[in-house]
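Below: the structure, in structure tokens.
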Amino acid sequence: MAGILAAFDAFSARHQAAQAAVVREELDATAPEMPRGDRDRFVGIEVDREREFLRKARARMDADLPIALRIVDPVAREDAVTRLLDREERFVAQRDQAVAERAAGHAEYWLTRQESPAGAYWLLSDEVIEHDAECLAMGGKVWPWGVLDAFHPPVHTGCQCMLVPIDAARQAGLIRGDAFVPAGRAGEASLGLNRPASTRLRRDGLPVELPR
Ligand SMILES: [Zn+2]
């Protein structure tokens with residue numbers, strides 16, 4: 001058991017370093033003029049999330065591995081351990097996909113912010129059949145950066161929402177009269193900060209703290 005867990009921990013350490021590099025490379029490729037401070041902040045966000053993901057993965061291993069290893073029949077035991085490791089490998093692959101999407105999202109967010117300092121229009125993708133509640137709450141409106149800094153696409157895996165510069169959205173005829181969400185209290189109210197915590201905006205199941 002100790003050997004399997006040691007191998008798992010070694011994998012985790014390598015994966016964490018490799019993933020920080022993936023995020024950095026994506027930001028460098030998509031937004032090469034991004035200042036170092038912003039880039040490091042985005043990398044830091046993803047490294048923190050990765051640490052939390054690996055902590056949970058290790059907790060699953062700690063809970064499930066002893067059960068698998070208690071199986072007396074050696075073939076069944078090996079099967080159970082393999083299934084466990086396969087499961088974790090699948091989670092890692094899903095996560096890698098999500099991190100790649102989020103790194104691209106961070107770069108897009110930053111580029112749009114440079115181009116459209118007054119805010120951006122949150123566009124719901126036509127290709128998504130059923131949007132999450134968070135995306136529906138944000139979609140079809142122009143948000144100030146104070147809000148988008150804390151909460152921008154992708155909100156969840158497969159979220160294809162996009163931020164569109166205000167001018168481009170106006171030219172495309174996307175902005176209706178009520179689309180602008182002002183900074184300050186009105187914006188907070190429409191984001192649900194006045195609602196109970198359980199119904200506030202969530203990203204990957206975790207509550208999002210918006211600036212007040
Ligand atoms: Zn979305």
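None of the figures in this text is laboratory data; all of them are computed from the coordinates on show. Note that this is a predicted model, so its numbers are computed, not measured. Heads up, the Cβs are rebuilt from the backbone with ideal geometry, glycines too, and the neighbour counts pull from every protein chain shown.
For the charge dipole of segment 107-163, defined by +1 on Lys and Arg C-beta atoms and -1 on Asp and Glu C-beta atoms about the Cα centroid, which residue among M162, I129, P117 has the Cα displaced farthest towards the positive pole?
P117
I want to verify the translational diffusion coefficient of segment 2-114 in µm²/s; compute it with Stokes-Einstein, Rh as the Kirkwood radius over Cα pairs, at 4 °C and 1.567 mPa s.
Calculated translational D: 82 µm²/s.
GluC sites (Glu not before Pro) within segment 15-75: which are DSSP loop residues with at most 10 other Cβ atoms inside 10 Å?
Numbers: sites: E25, E26, E33, E46, E50, E52; in loops: E33.
Passing both the DSSP loop test and the Cβ count: E33.
Over segment 2-114, what is the relative contact order in whole percent, taking alpha-carbon pairs under 8 Å and six or more residues apart?
Computed value for segment 2-114: 41 percent relative contact order.
Short version: what are the Cα gyration tensor semi-axes of segment 79-179, square root of 5 times each eigenvalue, largest first, in whole Å?
After diagonalising the Cα gyration tensor, the semi-axes are 33, 14, 10 Å.
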